[in-house]
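Student: If you scroll down you'll find the structure; I have some questions about it.
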Amino acid sequence: MLGTLTSRPDGRWELRYVRTLPHPPERVWSALTEDEELAAWFPSTIEGERKAGASLTFRFDGEGAEPQTGEMLACEPPRLLELTWGGDVLRFELTPVDGGTELVLVDTFDEHGKAARDGAGWHECLDRLPAVLAGEPPPLDWGVRWKEVHPRYVDAFGPEASSIGPPEGHEPG
């Protein structure tokens, strides 16, 4: 289930993912907002209040990357979480469905060239989420799944969407 890439009328790009999870929205919401659970599947910490208008700081432990700042745009438990993350806007929508929750993640960004890189990144994150929801550790170390799916994103999105290379530590080896 690769994410889809679309261009927007305003010149920005959207990566969109849809996952059906066998847990109620409240449980998925917890994994989106609770620090301990977030750390197992999201690429950074999120410091700041979970309320619209709150300033956020994102720290990337162990990567040596500088913290990024953002803002909470919307926080409507347990159905909508939207925030800026660097120059991106991340939107998580939770909808109850029979037997669980449909999670839609939309990442809106400016640079077309990073679509394959970030597409594989969000794919890896979302592949880690079911284990977290089940109370288990993710089955693979960070970067393993990214390396598996990145070539598929390059093929699907094309060379223009693949001009910005892999993040540090994710280079093919």
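The values are calculated or read from the model by the stated rules, or taken from the named source; none is laboratory data. From a predicted model like this one, the values you see are computed outputs, not experimental measurements. Cβ atoms come from the backbone with ideal geometry, glycine included; neighbour counts cover every protein chain shown. The accessibility values were calculated without ligands, DNA or RNA, using every heavy atom of the protein model including side chains. Shrake-Rupley method; radii C 1.70, N 1.55, O 1.52, S 1.80 Å.
Student: Any idea how many residues of the stretch 75-91 are closer than 20 Å to PRO43 by Cα and in contact with a Lys or Arg (Cβ under 9 Å, 6 or more places away or on another chain)? Reasoning before the result, please.
Tutor: Here is the first cut: in the stretch 75-91, the ones closer than 20 Å to PRO43 by Cα are 75, 80-91.
Subsequent filtering for residues that are in contact with a Lys or Arg (Cβ under 9 Å, 6 or more places away or on another chain) retains 75, 80-83, 89.
The number of residues fulfilling the criteria is 6.
Student: Which residues, taken from the stretch 9-52, are open to solvent by 50 Å² or more (accessible area, probe 1.4 Å) and closer than 17 Å to ALA74 by Cα?
Tutor: Of everything in the stretch 9-52, those that are open to solvent by 50 Å² or more (accessible area, probe 1.4 Å) and closer than 17 Å to ALA74 by Cα turn out to be GLU26, GLU34, GLU47, GLU49, ARG50, LYS51, ALA52.
Student: What are the residue pairs meeting all of these: first residue in the stretch 149-165, first residue in contact (Cβ under 8 Å) with a residue 60 or more places away in the chain, second residue not aliphatic (A, V, I, L, M), Cβ atoms under 6 Å, and 6 or more apart or on different chains?
Tutor: Partner pairs satisfying both residue conditions: VAL149/HIS123; TYR153/GLY119; ALA161/HIS112.
Student: Out of the stretch 76-104, which residues are closer than 23 Å to GLY121 by Cβ, assigned to a strand (DSSP E or B) and not charged (D, E, K, R)?
Tutor: As a first pass, look at the stretch 76-104 and keep what is closer than 23 Å to GLY121 by Cβ: 80-94, 101-104.
After this cut, where a residue has to be assigned to a strand (DSSP E or B) as well, the list is 80-85, 88-94, 101-104.
Matches in the stretch 76-104: LEU80, LEU81, LEU83, THR84, TRP85, VAL89, LEU90, PHE92, LEU94, THR101, LEU103, VAL104.
Student: While we're here: Is there a residue being within 21 Å of LEU126 (Cβ to Cβ), in contact with a Ser or Thr (Cβ under 7 Å, 6 or more places away or on another chain), charged (D, E, K, R) and at pLDDT 95 or above anywhere in the stretch 15-29? Outline the logic, then answer.
Tutor: Here is the first cut: in the stretch 15-29, the residues within 21 Å of LEU126 (Cβ to Cβ) are 15-29.
Narrowing further to those that are in contact with a Ser or Thr (Cβ under 7 Å, 6 or more places away or on another chain): 16, 21, 23-25, 28.
Of the ones still in play, those that are also charged (D, E, K, R) are 16.
Those left that are additionally at pLDDT 95 or above: 16.
Scanning the stretch 15-29 turns up at least one residue that is within 21 Å of LEU126 (Cβ to Cβ), in contact with a Ser or Thr (Cβ under 7 Å, 6 or more places away or on another chain), charged (D, E, K, R) and at pLDDT 95 or above.
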